[in-house]
Amino acid sequence: MSNDRADISGPVRVRFAPSPTGFLHVGGVRTAMFSWLTARHYGGQFILRIEDTDQKRYVEGAEEDLKASLRWAGIEWDEGPDVGGPHAPYRQSERLPLYNQYAHQLVEMGCAYKSWSSAEELDVERKAAAANHQPPPLRDRWRIATPEQIAAAEAEGKPYTIRLKMPEEGSTSFYDFVKNETITFENSRVDDTVLLKSDGYPTYHLAVVIDDNAMGITHVMRAEEWIASTPKHIRLYECLGWPLPMFAHVPNILRPDGRGKLSKRDGDVKTNEFWEKGYLPEAMFNFLVLQGWSYDEKTELMSQAEIVERFSLTRIQPSPARWDINKLNWMNGHYINHILTVDDLTRRALPFMHKAGLLTEVEALPGDDEYLYFQAIIALLKDRIKVLSEVPDLTGYFFVDHLKYDRALLLGKDKNAISVAQAS
RNA sequence: GGCGCAUUCGUCUAGAGGCCCAGGACGCAUCCCUUUCAAGGAUGAGAUCGGGGGUUCGAAUCCCCCAUGCGCUACCA
């Protein structure tokens, strides 16, 4: 039986397109990782695009946090808001005229229509439907407005939205690389989603299609909650006569109790908290890639370079994983104790000592006596460090009252000065 | 309510018709090492592969139904 999963061939351009509405959580990092890995493994480009089309939810500083989180995790981009590129700008709020132009073009083509329905009245309709256990209306009444009604509304000059006009007939299908199957939707079940809001900003649906096309995105990778809106996007590609990209919907990471996808309200999910606590980016990368992807039946510990080489889009699991940091803690300790060199570990632990006031930056420069003292302590205690933030507590008693032992005495009982020197 | 996706040890996973009365890892337990705590080593418990029907000589793997979970159903992404 032919059950071979299609794999990628040809050029590859993948993007990660977060919206700056808060800190980046680990689930977002993982989606970015899969996209980045796809670009790197298949020899393509990775693009970062900021989808800041919701003025109400915009959070100051979120873009910086998100870029810092990505970079910490070892994910860099070839094109993006700060590094530039041939398709700049990479921030959607700076591309507004483009969306506006296409939205109106779609209206002229008969693929979309203007609506003067207010958000309030639509809300009333939806609530009434819900109260009757009926599905909310898929179409807006302006879809079937007469030319006279439209002319009258235009003359009034009131704000309007532009909505997609989904066909009533037929169905839309697409192959999904991760699900490894063709997913089909009846067009009559897909709603006439808003493309352009009354404030002139595009919705995700319009902006994502226009930008993915403009930026030459070949593989649309995103979280799986977008599966249901993919037929809308495909409709847009068809109306505009643009070539369809391939789709790959990555499963979500669920909350620890399995109830719902990870959200920013959950604890232990902020990426920046992980580096503040002293998790290593290598361990985080390794752990995160294993949440939904595997190389084979045994290999788990892999460097980023090995993962890039071994990655395959078709080995991403279609089912969601629960967020559980148990194994991350083990892996972090393993990297600290067995993969990092003592010197590397020492350097990384130093900032935590500075923060705790146990060593100042000037008195513990690499190579200094104070540094070597600390390094000897690290060599002695590294096998019990799980996260770097524990280091001050673990080593504090070596610094009480500026007490300083002779470095030569800081030896494990089964060790001698030579073995310690060699280990560092 | 409608539509879509998912379902293998507590958790992450291997598995693409016979290699599987299901393998690995984390966690857990016991033992070894050890003055202690870790780390390390060894052993073990732990999944009738969500349930039920098919197809087949043979199914965790293919098909159907059901259940459950998740997602979407916003002028949020």
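Where a number appears in this text, it was derived from the coordinates with a stated rule and is not lab data. What you see is a predicted model; the values in this text were computed from it and never measured. As a convention, Cβ positions derive from the backbone with ideal geometry for all residues, glycine included, and neighbour counts pool all protein chains shown.
Some notes on this structure:
- FRET efficiency for the residue A:296 to residue A:105 pair, using the beta carbon distance and R₀ = 60 Å, is estimated at 0.75.
- Calculated [θ] (222 nm, deg cm²/dmol) that DSSP helices of n ≥ 4 give over chain A, each run adding -39,500 (n - 2.57): -11000 deg cm²/dmol
- Dipole of the stretch A:13-83 [Lys/Arg +1, Asp/Glu -1 at C-beta], most positive-end residue of A:39, A:29, A:61: A:39
- Charge dipole of chain A (Cα centre as origin; +1 on each Lys and Arg Cβ, -1 on each Asp and Glu Cβ, all else neutral): 680 debye, rounded to the nearest 20.
- With Cα atoms as the point set, the radius of gyration and Dmax of the stretch A:219-370 evaluate to 20.6, 70 Å.
- A simple count of charges around residue A:308, restricted to other residues whose Cβ falls under 15 Å of its Cβ and scoring Lys, Arg +1 and Asp, Glu -1, yields -2.
- Test item: Cα-centred dipole of the stretch A:95-161, Lys/Arg +1 and Asp/Glu -1 on Cβ, debye: 240
- In a DSSP loop and with at most 16 other Cβ atoms within 10 Å, the GluC sites (Glu not before Pro) in the stretch A:318-390 are A:361, A:363.
- Neighbourhood charge, 15 Å Cβ-Cβ cut-off, centred on residue A:217 and excluding it, Lys, Arg +1 and Asp, Glu -1: 0
- Which listed pairs, of A:327/A:382; A:355/A:382; A:67/A:114; A:298/A:382; A:179/A:327, have C-alpha distances above 30 Å, in listed order: A:67/A:114
- Going from the fewest other Cβ atoms within 10 Å to the most, the residues A:104, A:338, A:249 appear in the order A:338, A:104, A:249.
- As a proxy for reagent exposure, A:227, A:47 were ordered by neighbouring Cβ count within 10 angstrom, fewest first; the result is A:227, A:47.
- In chain A, the longest principal axis of the Cα atoms and the axis of helix A:204-214 are about 80 degrees apart.
- Bridge type composition, chain A - antiparallel percent by DSSP, nearest 5: 55
- Distance from the stretch A:29-43 to the stretch A:193-272 (C-alpha centre basis), Å: 16
- Restricting the stretch A:219-291 to trypsin sites (Lys or Arg not before Pro) in coil, as DSSP defines it, with at most 10 other Cβ within 10 Å: A:259, A:265
- The mean of 1/r over all pairs of different alpha-carbon atoms in chain A, once inverted, gives a Kirkwood hydrodynamic radius of 24.7 Å.
- Sites residue A:327 and residue A:121 - FRET efficiency at Förster radius 45 Å, r taken between beta-carbons, to 0.05: 0.35
- By the rule of a C-alpha distance below 18 Å, with chain neighbours fewer than 8 residues away ignored, the aspartates and glutamates paired with residue A:158 are A:120, A:121, A:140, A:148, A:199.
- Cα-based helix-to-principal-axis angle, A:119-131 vs chain A, degrees rounded to 10: 90
- Between helix A:147-156 and chain A: long-axis angle, C-alpha atoms, 0 to 90°, nearest 10: 60
- Volume in Å³ per residue [convex hull over Cα atoms, computed for the stretch A:125-279]: 205
- For A:37, A:290, order by how many other beta-carbon atoms lie within 10 Å, fewest first: A:290, A:37
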